[in-house]
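Working notes, beginning with the structure itself.
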Amino acid sequence: MKKFIALIFLICCCVSLAFTQTKKSPVKKIAPPPVRPPIATGLSDAEWRSLIDALQAEDWKNSAQIAARYLEKLKTDNEEKQLAQLRYFYLYSLAGKILVASTAEIPVEKSSLWKDLDKAVGSFVGKEIVAPPRRFLPQCKAVLNYVCAVRENDKTLRVTATNREGTMIHSFDYVLFDEKISWGEFIDKEIFLGGKLKRAEFNQDLSKLWVMRLVFQNGFVKIVGSENK
C-alpha cells in the first residue's frame with residue numbers, strides 16, 4: 001500500500017512538473033536595431049569640385065545630374081550653405097538644358113525638360129537658395145552676371161544670370177530684402193546673394209533665349225571671405 005501511494009505521488013509530481021513547463025513563456029529573441037547609414041552633413045572638396053567643373057564646362061546635363069544626386073544626399077544645410085547653393089545650381093543647370101535644346105539643329109523634345117524645371121521650382125518654393133559669388137555694381141548698364149542695384153528700389157538686388165558667352169539667359173534673379181539695403185560696403189566686392197524662393201515665371205518663347213525669372217524674399221548678402229551676412 002505504501003508503495004502504491006508513493007507511486008501515485010511520483011506520478012502527480014511528474015504531471016505537475018510537465019504542466020508547469022508547458023506554461024513557461026518562450027524566450028523572445030531581441031533583434032539588434034538596424035544599422036542606419038550616417039546622415040551626410042556636407043560634401044567633400046572632391047565632390048564639390050566635380051560639380052563646379054561640370055558647370056564651368058557648361059555640361060548642363062552632367063551638372064544637373066550631379067546636383068540632383070547631391071540634393072538627395074544632403075538633407076540639412078551646413079555652415080557653407082551647400083544645400084542652398086545646390087538648389088540654385090540645379091535650377092541653373094535645368095535652364096541650361098532647355099537653352100541647349102532650343103538651339104539644337106536636331107529637334108529635341110523639350111516638354112520633359114520644362115516639366116523637370118517646373119517640378120524643381122515647386123519643390124524649392126519657400127526654401128533658401130544661395131547664388132554663386134558675383135561682383136556687385138551699384139549701377140549696371142549692359143552688363144551680365146553682376147549683382148546690381150535696382151533703380152528706384154532700395155530693397156531689391158538683381159542679377160542677369162547667363163552662360164559664359166552671355167548669349168543665353170538662364171534666369172533673371174530678383175532678391176527682395178525686408179529692409180533698405182546699405183550697399184556701399186558691397187561695391188566692387190564679390191558677394192553671395194540669397195533668399196527664400198517666392199515664385200518663378202517661365203518664358204515659353206525661346207526665340208528670346210531666356211528661360212525664367214526667379215523672385216526671392218527675405219534676402220541676405222554675405223561678402224566673400226567675410227563671416228558677417
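Just so you know, all these numbers are worked out from the coordinates, no wet-lab data involved. Bear in mind that the values here come from a model prediction, so they are computed numbers and not experimental data. FYI the Cβ positions are ideal-geometry reconstructions off the backbone, even for glycines, and counts take in every protein chain you see.
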> R69 versus K127, label points 7 Å from Cα toward the beta carbon: distance in nm?
Replying inline: 1.9 nm
>> Could you list V150, V130 so that the one with the fewest beta carbons within 10 Å of its beta carbon is first and the one with the most is last?
In response: V150, V130
>> If I take R0 = 25 Å and measure r between the Cβ atoms of V108 and E165 in this structure, what FRET efficiency does the formula 1/(1 + (r/R0)^6) give, to the nearest 0.05?
In response: 0.75
> For region 45-223, with equal point scatterers placed on the C-alpha atoms only and solvent neglected, what are the log10 I(q)/I(0) values from the Debye formula at q = 0.19 1/Å, to two decimals?
Replying inline: -1.38
